[in-house]
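**Student:** I am attaching a structure below and will ask some questions about it afterwards.
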């Protein structure tokens, strides 16, 4: 075990897999100089410019060429630089990558990983801070990964690279400096299994990605006030760990979903709906969602802070839920 | 090349074009009879382009195609029965009835798929070429698209990319002068695809796309340059779509006499006239055309008798992780 930052954990995972499998390569803007965040530092020197390909700022072709290369048997890691730029490659992602296996009757396996560092990036404003992961859960054909710790990032990346499914990997970019233990040999972490971040009995808080540390901080605060919150970090949104969430809510009967994304139409709505369908409305004494209001992410620090979910808002939402 | 070799090539072109024409005429009849659901885009009049290009490709070369892709698939060697059954939505279709005409693919012959999005196949072909090179293969990628595609971003991105990385890609622009229902010239500024291609560093040549022998010769030169490590090339083939955008478009928007004039130059009759002038027996050519018709009609009859897909197949081949069954 070594303590490393989240971005270094991601680097180590890809490094391990590129050493293991010569078919794995990476393409995207600036990857040969190490990537925007250093997540590919040293790769050019080790793997050469055929496997570490710095590309033009041509998002459609970064995505589409990754697909084409997968169709002939390579396993590309498609680096989108930051999530917001994937909007320039939506045809290639949604119409092509997500559909091609199905549409061609199973002839194709688009084994790509699309890395999209997402979420609020301190004071980077509306086009560099979006959190739209719920859109992609709506698209059949893809896996949606939203890790929040160094170890989970590494393990899920290994799974993503080895998967024959296209995996949309949402790196939590605001958490890149966060430190944690990562094993020397990184094992694949299965998709669809939540991480139990904290045991509790009074309410269940479901969360994922960059907001997770704030939720864990809130749960510690709540504990100091005599409220025991069970915190589940979903780690992947498709597939997602319905069983773990339902087991927890069946016990606590209160469900709070916290995500950095806009609340309206967020994946929290799906979590609440599924839990209600499975347990029945009578099993629930309270449900709530906490996310961003339906407002773009603003630039100035006080504006960003006003809208962004944080530990204090989680504490307030949990206390309101218990009072209700 | 000897005269005999040349005759054999012309006969191969003629045979491929007759099969494409017969396939699409049969498909149109099946569509009119209600046997083929959904839209059908045929390429009648454009057969010389896929025939001439694909005669220069190897089995391990890959192609991508567009929504008007029956000819590309057939010329690359896609199985006819699997194609016809796909058009009829049957279980034995290449895509198990999940794609239809607009999504024909036959990976077993390097046909990486038709595409419902204009220019959608361009980045895929570019990436296929990059992947092939990474794997150490000497195969190339070839990408068919229409004149409408040159106004989409992926055309500009893909050509720049292929030139930048000197990828083994043959871009083939089938210029039939119409983007769906709109004359290409009314929506395309500047001097056209060749100039755009050369501006992006991809050498390009124009050819009469209704002259199969000329397409074959031009494609042969370009493919040789690509295989020699010269990087990408673009072939601009002018042709004419004799029918409407889809099988239900009567093309009433055409100028009077325009289609009749184009019929005079259609590629199969032209090659036939040349072969006859060179001494080929008319009976031989008739036999090739008749055999193509018979092959496609037999495929239609067999497809009509073939089973529909089991509804359970609708759930299959979505994804491995998180596959759903039942209500969700």
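The values are calculated or read from the model by the stated rules, or taken from the named source; none is laboratory data. Quantities reported herein were computed from a predicted structural model and do not represent experimental measurements. So basically every Cβ, Gly included, is an ideal-geometry build from the backbone, and we count neighbours across all protein chains shown.
**Student:** Return the only residue of B:79, B:99 being farther than 23 Å from residue B:52 by Cα, modelled with pLDDT of 95 or more and either more than 9 Å from every other protein chain (Cβ to nearest Cβ) or crowded, with 22+ Cβ neighbours inside 10 Å (or both).
**Tutor:** Step by step, each of B:79, B:99 is checked, and only B:99 is farther than 23 Å from residue B:52 by Cα, modelled with pLDDT of 95 or more and either more than 9 Å from every other protein chain (Cβ to nearest Cβ) or crowded, with 22+ Cβ neighbours inside 10 Å (or both).
**Student:** Can you go through B:183, B:166, B:221 and tell me which one is farther than 30 Å from residue B:255 by Cα, surrounded by fewer than 16 Cβ atoms within 10 Å (Cβ to Cβ) and out of contact with any helix residue (DSSP H, G or I) (no Cβ under 9 Å at 6 or more places or on another chain)?
**Tutor:** Within the list B:183, B:166, B:221, the selection yields B:221.
**Student:** Among the listed residues A:66, A:73, identify the single one that is within 10 Å of chain B (Cβ to nearest Cβ), at pLDDT 95 or above, surrounded by fewer than 23 Cβ atoms within 10 Å (Cβ to Cβ) and farther than 16 Å from residue A:139 by Cα.
**Tutor:** After ruling out the rest, the residue left standing is A:73.
**Student:** Take the residues of region B:53-64 that are crowded, with 23+ Cβ neighbours inside 10 Å and within 12 Å of chain A (Cβ to nearest Cβ): which is farthest from the chain's Cα centre (by Cα)?
**Tutor:** Within region B:53-64, the match that is farthest from the chain's Cα centre (by Cα) is B:61.
**Student:** In region B:143-155, what residues are within 12 Å of chain A (Cβ to nearest Cβ) and crowded, with 24+ Cβ neighbours inside 10 Å?
**Tutor:** Listed by number, the residues that qualify are B:143, B:154, B:155.
**Student:** Restricting attention to region B:102-129, which residues are more than 7 Å from chain A (Cβ to nearest Cβ) and on the phi > 0 side of the Ramachandran plot?
**Tutor:** B:110, B:119
**Student:** Further, regarding this structure: Scan region A:283-316 residue by residue and report those that are buried (at least 19 other Cβ atoms within 10 Å of the Cβ) and in a strand (DSSP E or B).
**Tutor:** Matches in region A:283-316: A:287, A:288, A:289, A:290, A:291, A:292.
**Student:** Right, next: Can residue B:132 be described as within 10 Å of chain A (Cβ to nearest Cβ), within 19 Å of residue B:223 (Cα to Cα) and either out of contact with any helix residue (DSSP H, G or I) (no Cβ under 6 Å at 6 or more places or on another chain) or surrounded by fewer than 24 Cβ atoms within 10 Å (Cβ to Cβ) (or both)?
**Tutor:** yes
**Student:** Which condition number does residue B:89 fail, the rest of (1) away from chain A (no Cβ under 11 Å); (2) surrounded by fewer than 24 Cβ atoms within 10 Å (Cβ to Cβ); (3) closer than 24 Å to residue B:212 by Cβ being met?
**Tutor:** Of (1) away from chain A (no Cβ under 11 Å); (2) surrounded by fewer than 24 Cβ atoms within 10 Å (Cβ to Cβ); (3) closer than 24 Å to residue B:212 by Cβ, only one is false for residue B:89: (3).
**Student:** Tally up the residues in region A:152-171 that are assigned to a helix (DSSP H, G or I) and either free of Cβ contacts under 8 Å to residues at least 60 places away in the same chain or in contact with a helix residue (DSSP H, G or I) (Cβ under 6 Å, 6 or more places away or on another chain) (or both), please.
**Tutor:** The first filter runs over region A:152-171 and keeps only residues assigned to a helix (DSSP H, G or I), leaving A:152-162.
From the residues that got through so far, the ones that are either free of Cβ contacts under 8 Å to residues at least 60 places away in the same chain or in contact with a helix residue (DSSP H, G or I) (Cβ under 6 Å, 6 or more places away or on another chain) (or both) too are A:153-154, A:157-161.
Qualifying residue count for the region: 7.
**Student:** Being part of a helix (DSSP H, G or I) and more than 9 Å from every other protein chain (Cβ to nearest Cβ) is the filter here, so list the residues in region A:90-123 that pass it. It would help to see each step written out before you state the result.
**Tutor:** Keep residues of region A:90-123 that are part of a helix (DSSP H, G or I), which gives A:90-97, A:100-103.
Once the filter is applied, which keeps residues that are part of a helix (DSSP H, G or I) and more than 9 Å from every other protein chain (Cβ to nearest Cβ), region A:90-123 yields A:90, A:93, A:94, A:97.
**Student:** For region A:238-263, what are the residues that are part of a loop (DSSP other than H, G, I, E, B) and more than 14 Å from chain B (Cβ to nearest Cβ)? It would help to see each step written out before you state the result.
**Tutor:** We begin by selecting, within region A:238-263, every residue part of a loop (DSSP other than H, G, I, E, B); these are A:239-241, A:253, A:263.
Passing the criteria: A:253, A:263.
**Student:** Restricting to region B:292-308, give me the number of residues that are over 15 Å from residue B:24 (Cβ atoms), assigned to a helix (DSSP H, G or I) and touching a residue at least 24 places away in the same chain (Cβ under 8 Å).
**Tutor:** Residues meeting the conditions: 2.
**Student:** Shifting gears a bit: Just name the residue that is nearest to the other protein chains (Cβ to nearest Cβ) out of those in region A:124-151 that are surrounded by 24 or more Cβ atoms within 10 Å (Cβ to Cβ) and part of a helix (DSSP H, G or I).
**Tutor:** A:133
**Student:** One residue is enough: does region A:268-282 have a residue meeting the conditions in contact (Cβ under 8 Å) with a residue 24 or more places away in the chain, not in a helix (DSSP H, G or I) and not assigned by TED's automatic domain parsing to the domain that holds residue A:119?
**Tutor:** Scanning region A:268-282, I find no residue that is in contact (Cβ under 8 Å) with a residue 24 or more places away in the chain, not in a helix (DSSP H, G or I) and not assigned by TED's automatic domain parsing to the domain that holds residue A:119, so the answer is no.
**Student:** Can you tell me which residue among A:290, A:284, A:307 is touching a helix residue (DSSP H, G or I) at 6+ places or on another chain (Cβ under 6 Å) and on the phi < 0 side of the Ramachandran plot? Break it down into steps so the answer makes sense when it comes.
**Tutor:** Values: A:284 fails: touching a helix residue (DSSP H, G or I) at 6+ places or on another chain (Cβ under 6 Å); A:307 fails: touching a helix residue (DSSP H, G or I) at 6+ places or on another chain (Cβ under 6 Å).
Of the residues listed, the single one that is touching a helix residue (DSSP H, G or I) at 6+ places or on another chain (Cβ under 6 Å) and on the phi < 0 side of the Ramachandran plot is A:290.
**Student:** Moving on. Say we look at region A:1-30 and pick out the residues that are within 14 Å of chain B (Cβ to nearest Cβ) and either surrounded by fewer than 23 Cβ atoms within 10 Å (Cβ to Cβ) or free of Cβ contacts under 8 Å to residues at least 12 places away in the same chain (or both); which of these is nearest to residue A:173 (Cα to Cα)?
**Tutor:** A:29
**Student:** For region B:264-291, name all the residues that are under 19 Å from residue B:176 (Cα atoms) and free of Cβ contacts under 8 Å to residues at least 24 places away in the same chain.
**Tutor:** Matches in region B:264-291: B:264, B:269.
**Student:** Out of region B:242-274, which residues are within 12 Å of residue B:44 (Cα to Cα) and in a loop (DSSP other than H, G, I, E, B)?
**Tutor:** B:242, B:243, B:244, B:245, B:246, B:247, B:266, listed by residue number.
**Student:** What's the total number of residues in region A:79-89 that are under 19 Å from residue A:40 (Cα atoms) and either surrounded by 24 or more Cβ atoms within 10 Å (Cβ to Cβ) or at the interface with chain B (Cβ under 7 Å from one of its Cβ atoms) (or both)?
**Tutor:** 3
**Student:** Same structure again: Report, by residue number, each residue of region A:182-233 that is within 14 Å of chain B (Cβ to nearest Cβ), more than 17 Å from residue A:267 (Cα to Cα) and surrounded by fewer than 18 Cβ atoms within 10 Å (Cβ to Cβ).
**Tutor:** Passing the criteria: A:188, A:190.
**Student:** With closer than 21 Å to residue B:72 by Cβ and modelled with pLDDT of 90 or more as the only criterion, which of B:197, B:247 stands out?
**Tutor:** Being closer than 21 Å to residue B:72 by Cβ and modelled with pLDDT of 90 or more holds for just one of B:197, B:247, which is B:197.
**Student:** Still on this structure: If we only count helices (runs of 4 or more DSSP H) wholly inside region B:58-160, which ones have 1 or more residues that are out of contact with any strand residue (DSSP E or B) (no Cβ under 9 Å at 6 or more places or on another chain) and farther than 30 Å from residue B:182 by Cβ? Spell out how you get there, then give the answer.
**Tutor:** Details: elements: B:70-76, B:80-87, B:121-134.
In region B:58-160, the matching helices (runs of 4 or more DSSP H) lie at B:80-87, B:121-134.
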